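Right, one structure below, let's go through it.
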């Protein structure tokens, strides 16, 4: 909840800042719109497989981990000068019954220099706030002998003790920082 509030506040601040810059004649351009990420792929992998209940009923992980919406993000560039610009953007996140990817905000900058008229050196630095993947547990009923326990859904039918399955819950963060240094020369 705290990350969602922080991401929402961050997006509001960025939108306010960019709106103010646009009013001062700064140019803002769409860099890209993307669907999916490394965390989307991880969430999809969690949904692979399944197990059978004691009565032979198959249980597919896909019904718990499949999301009808795939995380979508956009990135914008606000050019402040010929050689400097601000990168900013946001993502929607995605949610399924047992896994969630939080919305996120992306902030960064691009700085470029021209050492010679035919060469360009550029540095891009960006950071992602929010966007964590969190897996949620299941409640499993092991009958009169085993009782009811909170477990990792994917390991409920394993040989592990129910409480030990929780150690294997998946909680991932996106790549928080990106640093890109490029040199381009024209011949």
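Of everything in region 79-103, what is buried (at least 19 other Cβ atoms within 10 Å of the Cβ) and in contact with a helix residue (DSSP H, G or I) (Cβ under 6 Å, 6 or more places away or on another chain)? Give them in sequence order.
88, 90, 96, 98, 99, 101, 102, 103 - these are the residues of region 79-103 that are buried (at least 19 other Cβ atoms within 10 Å of the Cβ) and in contact with a helix residue (DSSP H, G or I) (Cβ under 6 Å, 6 or more places away or on another chain).
Picking from 160, 111, which residue would you name as being modelled with pLDDT of 95 or more and either surrounded by fewer than 12 Cβ atoms within 10 Å (Cβ to Cβ) or not in a helix (DSSP H, G or I) (or both)?
111
In region 43-62, which residue that is exposed (fewer than 13 other Cβ atoms within 10 Å of the Cβ) and at pLDDT 90 or above is nearest to residue 93 (Cα to Cα)?
Looking at residues that are exposed (fewer than 13 other Cβ atoms within 10 Å of the Cβ) and at pLDDT 90 or above, I get 45.
If I filter region 32-40 for residues that are under 18 Å from residue 86 (Cα atoms) and at pLDDT 80 or above, do I get at least one hit? Walk me through how you get there before you give the answer.
Start the filter on region 32-40 by keeping residues that are under 18 Å from residue 86 (Cα atoms), which leaves 32-33.
Still in the running and at pLDDT 80 or above: 32-33.
For region 32-40, residues under 18 Å from residue 86 (Cα atoms) and at pLDDT 80 or above: present.
Anything in region 163-172 that is closer than 29 Å to residue 127 by Cα, in contact with a helix residue (DSSP H, G or I) (Cβ under 9 Å, 6 or more places away or on another chain) and exposed (fewer than 14 other Cβ atoms within 10 Å of the Cβ)? List them, or say none.
Answer for region 163-172, where residues must be closer than 29 Å to residue 127 by Cα, in contact with a helix residue (DSSP H, G or I) (Cβ under 9 Å, 6 or more places away or on another chain) and exposed (fewer than 14 other Cβ atoms within 10 Å of the Cβ): just 168.
The values are calculated or read from the model by the stated rules, or taken from the named source; none is laboratory data. No experiment lies behind these values; they were computed from the predicted model shown. No Cβ is skipped: glycine too gets one built from the backbone with ideal geometry, and neighbour counts run over all protein chains shown.
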